[in-house]
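Step one of this worksheet: look at the structure below.
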Amino acid sequence: MSSPGTSMFTTFTKLCKGLALVLVVGHLVVQFIPATIPYLALIPARTIPFAWNLITSGYFELSVYGVVFSTVSLLFMGKFLEPVWGSKEFLKFIFVVNFLTYLCVFVTAIALYYITRLEIYLYMPFAGFHGVLAGLLVGIKQIIPDQEVLLLKIKAKWLPSIMLILSIASSFFTLDSAAYLPTLIFGTYMGWLYLRYLQRRPETKLRGDPSDDFAFSSFFPELLRPIIDPIASIFHRMLCGRSNVTSEDHDYATSGAPLPGSDSAEASRRRERGARALEERLATERMVPGKNKDELPSDALDSV
């Protein structure tokens, strides 16, 4: 008979536990061997010879609080997302969002240096998994937008927006906000960009989520959406207008009839899968305290 605490831990996916171990080991390495920080963290002035830190900087935390928060958040968000996306897609999302986030942070730091001539932007170490966590929060918004989470009964679709508002507000009262705020902003945007345009959907052989419920303006209150939509449409046409036309011509329509996945029906199915995965996980966790984990159906364990 397993204890509730042990049972809860067994519901985390193997991939998430492996990634959490990477974060813990990375933190221990930089704590016991501080000389590795210039080689692993993103330091813009040294990125040109050490280009690999665009990848490695996201997989270790500089503080104890950071590694605890990142590992716990990864484990719990992975329980929602990995069963819906699949392990391969989940890992691909983390790798792509992490790389693009720190690439944007690097470009921003260089631009700020040339604008302000402050060398702090060149030699500040950027590191941490919080950019990926911000992207994963966008994934939660996508699959279970109307699910109420936390004790405050906040709908999941507002979590990324609330996180960014709180981060921006706290930046006015902290001295090291430049070390985390760009990472959170770019992590959120890159997570949305990947899910909106790049994520492959095996059930339809299409990419992305074109539904109106996942548009860029959905991160903003209803009052601001008439202002945001025209601006977002300009960047949409600049960045992927040509490929989108091709996609719409060949994938989303045939003889004027939309194919499955080209409208809000696909977004509804994705939300249903997310809600179903959540229900199965909660049902399994309720069963675990009264049963041995070996008595659970294997497919129920796999679903969580």
*Accessible area per residue in Å² at 1.4 Å probe, computed on segment 81-239*: 52
_Heavy-atom accessible surface of segment 141-211: percent carbon and sulfur, 1.4 Å_ = 69
*Using 0.36 nm per residue, how much length does the chain from residue 32 to residue 146 gain when fully extended, once their Cα-Cα distance is taken away?*
36.7 nm
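The values are calculated or read from the model by the stated rules, or taken from the named source; none is laboratory data. This is a predicted model, so every value here is computed, not measured. Surface areas here come from the heavy atoms of the whole protein model, side chains and all, with no ligands, DNA or RNA. Shrake-Rupley method; radii C 1.70, N 1.55, O 1.52, S 1.80 Å.
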